[in-house]
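Only one structure is covered here, and it is reproduced in the block below.
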Amino acid sequence: MKKITSIVFFIVAIFSGGSVFGQSQRLVLAEEFTQASCPPCASANPAFNTLLQANTTKITSIKYQTSWPGVDPMNAQTAAEVQTRVTYYAVSGVPDAHQDGGAGGSPSSITQSTINTEYAVPSPFTIVLKHWFNTANDSIYINCDVTCSQNVTMTTPRLRIAMVEKTITFASPPGTNGEKVFENVMRKMYPNANGTVLTTAWTNGQKRTVSFKAKIPSYIYDKNQIGVVAWIQDDAGQNVKQAGFSPSPSTPVTLPPAAEFMADLLTPCDGIVNFQDLSGLFPKSWLWDFGDGTTSTLQNPTHKYSTNGSFAVKLTVTNAYGNNSTTKAGYVTLSLAGSTPTGTSKDFCSNGVVNLSATPSGSGTLNWYNAAGAMVHTGNTYSPNLVGTTDFWVSEMTANAVKTDGAADNTMGAGASYTAQATQGLNFDVLKPCTLQSVVCYASTAGNRTIQVLDGGGNIIQTATVNIPSGTSTVNLNFALPAGTGFTLQPSTLGCNLYRNTAGGSYPYNASGVVKITGNTAANNAYYYFFYNWKVQQNPCASPSVKVSGIDTCNSTGIYDVTAINSLAVYPNPSNGIFTTSFNTVNPGNYTVKVINTLGQAVYSEVLNNFSGTYSKEINISSFGKGVYMLNISDAKNEDVKKVITY
């Protein structure tokens, strides 16, 4: 019987030049590519498995069942993820084994000696890995805590997490090599085989929590055999920095979430930033403060900044066990080009079409954005049908020049038309949101080809079927591309009969500063596949914005004056339930100040008789719990309502 021993991490203190820093005990990772119809695999695996079982405190493993040389039902269930790892290591035959991301070879190349040697190398990280199931036993929760124990800088670090079945036993061999027992078989990778991007520079004590919840795949043979493997790998050299293994379910982690986030762009020329929540431990609610006086409760919001400056961004996340926040100072910096347009707001009563207008300072086009940052109109005039006071922000957009990237042509070296019943492509990053307008292809036969862009998870985000004649052609694509990493441009057509170079590739290609072609799917940087002379155009850049509003003078429900000459403010907002509200008015009147919860109940109420001047008061509603409340200021004719958020 396979014996699984718990993993104990310890910290080694090292003294150097009067400073103290820690390192962690390494857990070695073995990755094997194997197959149920591979005779050499059947010969090598028994001894390899025996070695692994004898060293469970030193090494953990993951086995990828490949698609060749014959039948393997386990590959059919996980083919795409296995292929990603096959490509990653440029595996061309099985069995093939890698210790901590090193060069591949026969499983026999991993020995007691190599394990001991690698185990003795301290790691700059600890990994605490746990998994558990829901009560219905149909979903898995995975939580991975990464802690840096020594300052380290990597180039392209990723955290990879995989579900494995520790033992799969068949009544009869599923392939042709006679094997019936398979160990630590990869069954699913989270979020995919490319893993989770980690920051490049780490300092001692720095932490990151990564969590996933997902349905257990229906093809799992035995849920009792589910384990989870995690490892930190620097893709620049494929070196594995640390591994972790969760052999059996634990009790659920009952802690507040660990807040973390990222953005696609930190210096957007159009002011638009897409934020992504990366928080661990399964938050249920989110509160973003974008640093410009606006907030959002979406998990992954898009925000439009309207003015130049440097903005701190704060995310507060909450689950049933509490809340946690993180603030990134000076995270987004805007230096918007051009001058602010001039705008004309309009008054109206209650509802109806409102004719709004703005004038650009230059020759650019005006884009209109709503409060959520979504573009709603283009042009100098806009006539929306409004209910209640509504604000828009208007920016003048300036087009960017079309730029060239990639290999200019196919004269760089040897090559030929690609006729294999497979597909390859170019890997690239998008540095700035853009349009890939066209590429040049060299076709040996005329016909339709389907060209696709895949994201880092293997999802098709753009596709076009184009007729490419024989010879040299400019192929128009007009693919809109978001900023991000890990994209692939490839034909989905097998045997595409497009020219590719087998020599002369020189990565990266980054002449445009808009995209960066980083390599190819064959993991052979001498090769250059199919798509030459890229034409890319960065999305237009924006000027600072002007606010243009339709103002409901009959029923004021926006953040506007209670009377014509007052101002309403709430700060801080969000708060811990203790905040100050203030407004000014000159004309004496009877005012009511209320704070109302989501059930319509007043949790605070105050009447101001014959009041004029400045009102400023600290209001404490912390005893009513965190949530969203409405602050209502009214007199006999007007009402103003402002959202108040407490945490």
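The values are calculated or read from the model by the stated rules, or taken from the named source; none is laboratory data. Just so it is clear, the model here is predicted, and its values are computed rather than measured. Note: ideal-geometry Cβ built from the backbone for every residue, glycine included; neighbour counts use all protein chains shown. The area values use the complete protein model at the heavy-atom level, side chains included, leaving out ligands, DNA and RNA. Shrake-Rupley method; radii C 1.70, N 1.55, O 1.52, S 1.80 Å.
Summary table below
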| item | result |
| --- | --- |
| Index of the failed condition, TRP288 passing every other in (1) touching a His at 6+ places or on another chain (Cβ under 9 Å); (2) surrounded by fewer than 16 Cβ atoms within 10 Å (Cβ to Cβ); (3) part of a strand (DSSP E or B) | (2) |
| Segments classed as strands (runs of 3 or more DSSP E), wholly inside the stretch 390-435, with at least 3 members that are surrounded by 14 or more Cβ atoms within 10 Å (Cβ to Cβ) and hydrophobic (A, V, I, L, M, F, W, C) | 390-398, 426-430 |
| Positions within the stretch 541-581 being surrounded by fewer than 17 Cβ atoms within 10 Å (Cβ to Cβ), aliphatic (A, V, I, L, M) and modelled with pLDDT under 80, in sequence order | ILE559, ALA564, ILE565, ALA569 |
| THR445, sole failed condition from (1) part of a strand (DSSP E or B); (2) modelled with pLDDT of 95 or more | (1) |
| Test: residue in the stretch 622-633 that is touching a residue at least 40 places away in the same chain (Cβ under 8 Å) and over 40 Å from the mean Cα position of the chain (by Cα) | yes |
| Qualifying residue in the stretch 138-148 (condition: touching a residue at least 12 places away in the same chain (Cβ under 8 Å) and in a loop (DSSP other than H, G, I, E, B)) | yes |
| Restricting the stretch 500-514 to residues that are outside any strand (DSSP E or B) and of a type in the set (S, T, N, Q), the residue that is nearest to THR404 (Cα to Cα) | SER512 |
| Failed item in (1) surrounded by 14 or more Cβ atoms within 10 Å (Cβ to Cβ); (2) part of a strand (DSSP E or B); (3) touching a residue at least 24 places away in the same chain (Cβ under 8 Å), with ALA312 passing the rest | (3) |
| Some residue of the stretch 96-110 being assigned to a strand (DSSP E or B) and more than 32 Å from the chain's Cα centre (by Cα) | yes |
| Breaking point among (1) farther than 30 Å from SER37 by Cα; (2) without any contact (Cβ under 8 Å) to a residue 60 or more places away in the chain, for ALA103 | (1) |
| Check on ILE461, at negative phi and open to solvent by 30 Å² or more (accessible area, probe 1.4 Å) | yes |
| Pair list, Cβ under 7 Å, 6 or more apart: the stretch 37-59 residue at positive phi, other residue part of a loop (DSSP other than H, G, I, E, B) | none |
| Residue in the stretch 167-184 that is within 23 Å of SER279 (Cβ to Cβ) and either part of a strand (DSSP E or B) or over 26 Å from the mean Cα position of the chain (by Cα) (or both) present | no |
| Residues (over 12 Å from PHE261 (Cβ atoms) and of a type in the set (A, V, I, L, M)) located in the stretch 312-335 | ALA312, ALA320, ALA329, LEU334 |
| Test result for TYR331, more than 24 Å from VAL548 (Cα to Cα), at pLDDT 95 or above and either open to solvent by less than 30 Å² (accessible area, probe 1.4 Å) or not basic (Lys, Arg) (or both) | yes |
| Residue identified as open to solvent by less than 60 Å² (accessible area, probe 1.4 Å) and either modelled with pLDDT under 95 or not polar (S, T, N, Q) (or both) among TYR141, TYR221 | TYR141 |
| Residue selected from the stretch 593-647 under the condition open to solvent by 20 Å² or more (accessible area, probe 1.4 Å), among the aliphatic types (A, V, I, L, M) and not in a strand (DSSP E or B), by the criterion farthest from PRO574 (Cα to Cα) | ALA636 |
| Residues of the stretch 489-520 satisfying the condition of being surrounded by 21 or more Cβ atoms within 10 Å (Cβ to Cβ), within 23 Å of ARG85 (Cα to Cα) and of a type in the set (S, T, N, Q) | GLN490, ASN520 |
| Pairs where the first residue, in the stretch 366-377, is at pLDDT 90 or above and the second is assigned to a loop (DSSP other than H, G, I, E, B) and open to solvent by 50 Å² or more (accessible area, probe 1.4 Å), C-beta under 7 Å, 6+ apart | LEU366/ASN380 |
| Test for ILE115: is it of a type in the set (A, V, I, L, M, F, W, C) and under 29 Å from the mean Cα position of the chain (by Cα) | no |
| Those residues of the stretch 358-381 which are closer than 24 Å to THR294 by Cα, of a type outside the set (A, V, I, L, M, F, W, C), open to solvent by 30 Å² or more (accessible area, probe 1.4 Å) and part of a strand (DSSP E or B), in sequence order | HIS377, THR378 |
| Candidates VAL430, VAL466, filtered to the one that is under 20 Å from the mean Cα position of the chain (by Cα) and aliphatic (A, V, I, L, M) | VAL430 |
| Within the stretch 50-95, tally of residues that are in a loop (DSSP other than H, G, I, E, B) and either within 31 Å of the chain's Cα centre (by Cα) or over 25 Å from ALA120 (Cβ atoms) (or both) | 13 |
| Residue identified as touching a His at 6+ places or on another chain (Cβ under 9 Å) and open to solvent by 20 Å² or more (accessible area, probe 1.4 Å) among ASN274, ASN300, ASN239, ASN204 | ASN274 |
| In the stretch 454-499, the residues that are touching a residue at least 60 places away in the same chain (Cβ under 8 Å), closer than 24 Å to LEU266 by Cα and assigned to a strand (DSSP E or B) | GLY484, THR485, GLY486, PHE487, THR488 |
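One line per residue, one yes/no per condition, for (1) modelled with pLDDT under 95; (2) assigned to a loop (DSSP other than H, G, I, E, B):
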position: VAL229; (1), (2): no, no
position: GLN233; (1), (2): no, no
position: GLY244; (1), (2): no, no
position: PRO249; (1), (2): no, yes
position: PRO256; (1), (2): no, yes
position: LEU265; (1), (2): yes, yes
position: PHE275; (1), (2): no, no
position: PRO283; (1), (2): no, yes
